[in-house]
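K.L.:
I'd like to ask you about the structure that follows.
The values are calculated or read from the model by the stated rules, or taken from the named source; none is laboratory data. Every value quoted in this text rests on a predicted model; they were computed, and no experiment measured them. No Cβ is skipped: glycine too gets one built from the backbone with ideal geometry, and neighbour counts run over all protein chains shown.
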Amino acid sequence: MLLRTSRLPQKQVKTFDNFDFDVLKGKDIDKLKNLQTLAPIYAHKNIAFIGPPGTGKTHLAQAFGYECCRHRMKTYFIKAAELRDKFTIARRAGREGALLTSLVRPSCLIIDEVGHCEFDKANTRLFFDMVDRRYNKEGAFNMIFTSNKNPSDWREIFGENDALLCSLDRLFDSASVFTFRGESFRGKHLENYTLRAEHSASTTQDNPLNH
């Protein structure tokens, strides 16, 4: 039930067990592996996976969410562009409160692809209202973000004054930020074949399809 309502993929489930940790190198690899203990959510610690496309950010975010579901913690996965659109629709319908309540309810809220779209002033206010409300939750909770932009550049995404954007700093007051560098490992088993078709003059002349 929790997995179905989480919006996490169910046919090709992303877990820590099926993530290829061997493609990642660095002294902090053990800290990454330890995420499966779910310690950050009990400590109310947010997580950000930062790096270029194809480095495993979304897989790891979904794997954390999957573990939360296994431990009976409500999880919700949404792309940043979808979240922006939900804010816009809710404002037009006068249902901002209901939407914010639904986004505050999950123990683990995963926002994927932060930086792929911009939030206008009204949607920025809703975003940080959501953040503030989540900080008043009881029990285990955290937020997870994936982005190809460094958190220091996130101010460009949100359209508001500096006073409200101070709330952005709150996201990382207590957080674990994992930065991935290197090339994408998508398609590592991909085989490319290139073929070229050439027609001789005689073949072209004799082909009935050319008449």
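K.L.:
Collect the residues in region 129-184 that are charged (D, E, K, R), under 26 Å from Cys68 (Cα atoms), modelled with pLDDT under 85 and not in a loop (DSSP other than H, G, I, E, B), keeping them in residue-number order.
P.N.:
Asp169, Arg170
K.L.:
Okay, next question. Hey, could you check region 1-29 for residues that are assigned to a loop (DSSP other than H, G, I, E, B), free of Cβ contacts under 8 Å to residues at least 60 places away in the same chain and basic (Lys, Arg) and say which is nearest to Leu60 (Cα to Cα)?
P.N.:
Lys14
K.L.:
Mind checking which pairs have a first residue in region 123-136 that is closer than 11 Å to Arg105 by Cα and a second that is part of a helix (DSSP H, G or I) and of a type outside the set (Lys, Arg), Cβ under 6 Å, 6 or more apart or different chains?
P.N.:
Listed by first residue and then by second, the contacts come to Met130/Leu100; Met130/Leu103; Arg133/Val104; Arg134/Val104.
K.L.:
Quickly run through region 51-77 and pick out the residues that are of a type outside the set (Gly, Ala, Ser), buried (at least 18 other Cβ atoms within 10 Å of the Cβ), at pLDDT 95 or above and touching a helix residue (DSSP H, G or I) at 6+ places or on another chain (Cβ under 9 Å).
P.N.:
Result: Leu60, Phe64, Tyr66, Glu67, Cys68, Cys69, Met73, Thr75, Tyr76, Phe77.
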